[in-house]
Structures are given as structure tokens and as C-alpha cells.
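Written out below as C-alpha cells is the structure these notes cover.
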Amino acid sequence: MNIQQNTILITGGATGLGLALAEQFLINNNTVIICGRRKDKLEEAKLQFPLLHTRVCDVSKKEERIALIDWLFKNFQQTNVFINNAGIQNYMSLTKAINLDEVTNEIETNITAPIHFANLLLPHFSGKQNSYIINITSGLAFSPLALVPVYCATKAALHSFTLSLRHQLKPTGIQVIEVAPPIVDTNLGGSGRNDNNITHRGITVNEFALETIIALQTNEVEIAVGQASNIRLKREEMFPLMNR
Ligand SMILES: NC(=O)c1ccc[n+]([C@@H]2O[C@H](COP(=O)([O-])OP(=O)(O)OC[C@H]3O[C@@H](n4cnc5c(N)ncnc54)[C@H](OP(=O)(O)O)[C@@H]3O)[C@@H](O)[C@H]2O)c1
């Protein structure tokens, strides 16, 4: 992938991995649009990187997904890269009553949204030179961390969907890339991870973004960053080690 002069939308781009990728894409002369639910976080990101374009959107809502794509191609017709990065991670004990609304929201955000976006992008991206859908999965797509069971199931589903999407979209020319991050120090999952001053045993967002940008310039279609490549290699063999 040529990582210059693209027009790129990153869902969930106001914080964490998404914002670090946005910064790298800006440095490389791309037009970058980010979306997320929290207006204040989008404004903070724009203050930090004034060239960013922002849009409030809750990707878990069907109508907002449709409105985002309508707005995007009205305002940035040349958009050729769409990164499904928005994600949530809920800790859940399956020995107690679960909150089904929370489960549904996690599934809508992490897997239904990328499936729907792929379909909404089809008329805009088909036949367009250098169009890319990039799905951010996780090392946990290949072997789950039992503490976040639905999250891992959605990432495994997104990995599987990405394989089928890549295969089916071949005749359209749309290229489909998967990026599986390792543990990265962000606020994902909330509790226990929302102290920005301590490490959560992960790499930094900048390390992640730099490694990803380098890998995107190769022809790799499945990019497992750092420790995620070890989990991808060993898959469920890793499960006992990860869930002691
Ligand atoms: N950090 C890790 O260790 C790690 C490892 C593997 C994979 N990943 C994946 O990397 C991606 C980014 O996560 P992160 O670690 O950077 O965490 P993060 O900082 O919490 O970023 C998630 C972003 O998604 C946005 N978001 C969440 N729900 C949304 C919704 N319904 N609509 C629109 N935006 C939404 C959030 O903004 P709002 O709350 O304002 O909407 C936030 O900006 C996720 O897909 C995650 O699964 C992370």
C-alpha cells in the first residue's frame, strides 16, 4: 500500500491506537478523518492535530453508520481507505447474570459495524484505484482471554469475516487488510487500564502505529503486530498460558 496521499477515515480515531495511526498518516501527507461518540475527545484530537477532520458517530447504531458514509462521500468523495478501529472490551463473569444490552452493544460495535460498513462502502470503493478496507482485530482473535469472552469472540469473528470479505471482494479491486494488535497501553476495557501514567504490560501506541505503518507498505494482508504474531502462530495452544 502506498501510504501517502490517501483519504482515510478511522473509526474510533480520537484516542488510543486510532489516534496514533491518524498522526502517522498525517505525517505521511494523507487527508485523515476520525469519528467517535465523544465530541470532546474529537475536539481534543483536533486541537493536538489541527489538520484532522472530525465527525461524531456512534458506529453501533445502524442509522449513524449510514449517515456517516453519506456525509463522508459528500464531503470527501476521494476517500479510498476505511479503517474499522472503533472497539469496546467488556470484562464479564459468565457465572453471574449478564447484561444483554452490554453484550449486544459490544457485538454491534466490534463486528456488526465492520460488516455493515463493508457493504455501505461497496458502491463507493468498487473499481476505485487503491481502495482499502482495514480491519483492526486483535491477537485475542486467535486465542481468547477468558476474562473478556464476548470481546474475544467478536475479534475472532472479525478475523474470520475479513478472510471471507477479502476473498469475495477480489473481483471489485477493493483490498482488505487485517491488523491484529498485541497489548497496547490504551484505555481499552476501562477498569484497571484507565491510568495513563502506568503501563499495562503493553507496547506504546506510537510503537504500534510505527510498526503498522511499516507493515502496510509491504504486500502483507494479515499484519500481526508484536506478540500478536506469536498468538497467531500458536493459537489455542496459548490458551492455558494466557488464562492461568
Ligand atoms: N489496546 C489494546 O491492547 C488492543 C489490543 C488489540 C486490539 N485492540 C483494538 O484496537 C482498537 C482501538 O482500541 P484502543 O486500544 O485504541 O482503545 P481506545 O483508546 O478505547 O479506543 C477505542 C475508540 O473507539 C471509539 N469507540 C468505541 N465505541 C464506539 C462507537 N460505538 N462508535 C464510535 N466510536 C467508538 C472510542 O471513542 P468514543 O468512546 O468517544 O466513541 C475510542 O476512541 C479496538 O478495536 C481494539 O479492540 C486494542
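Values quoted throughout were computed directly from the atomic coordinates according to the rules given, and no laboratory measurement underlies them. Remember, predicted model here, so these are calculated numbers, not experimental data. Glycine also receives a Cβ, built like all others from the backbone with ideal geometry; neighbour counts cover every protein chain displayed.
Averaged over residues, the count of other Cβ atoms within 10 Å places the peptides 9-19, 180-190, 88-98, 226-236 in the sequence 9-19, 180-190, 226-236, 88-98, highest first. Expressed as an acute angle from 0 to 90° and rounded to the nearest 10, what is the orientation of the C-alpha long axis of helix 149-169 relative to the principal long axis of the chain? Tilt relative to the chain: about 40 degrees. Remark: the Asn243-Arg201 segment gains 13.6 nm on full extension, using 0.36 nm per residue and subtracting the alpha carbon distance. What the Cβ-Cβ distance of Ile115 and Ile27 gives, at R0 = 25 Å and to the nearest 0.05, is a FRET efficiency of 0.20. Between the helical axis of 62-75 and the longest alpha-carbon principal axis of the chain there is an angle of about 30 degrees.
Taking 4.7 Å between C-beta atoms as the pairing limit, the chain has these partnerless cysteines: Cys152. Could you tell me the calculated FRET efficiency between Gln78 and Asp40, based on Cβ-Cβ distance and R0 = 30 angstrom, to the nearest 0.05? Computed FRET efficiency for Gln78 and Asp40 comes out at 0.55. Remark: relative contact order (the stretch 1-134) = 26 percent; criterion is Cα-Cα distance under 8 angstrom and separation of 6 or more residues. Relative to the longest principal axis of the Cα atoms of the chain, the long axis of helix 113-125 makes an angle of roughly 20 degrees. Taking label points 7 Å from Cα along the Cα-to-Cβ direction, Ala146 and Gln48 give a separation of 3.6 nm. When the Cα convex hull of the chain is projected onto planes of every orientation, the mean area is 12.9 nm².
If you average the sequence gap of Cα pairs under 8 Å that are 6 or more apart and divide by the length of the chain, what percent do you get for the contact order? Display every interim value, and only then the final one.
Working: 436 pairs, mean separation 47.4, N = 244.
It comes to 19 percent, rounded to a whole number.
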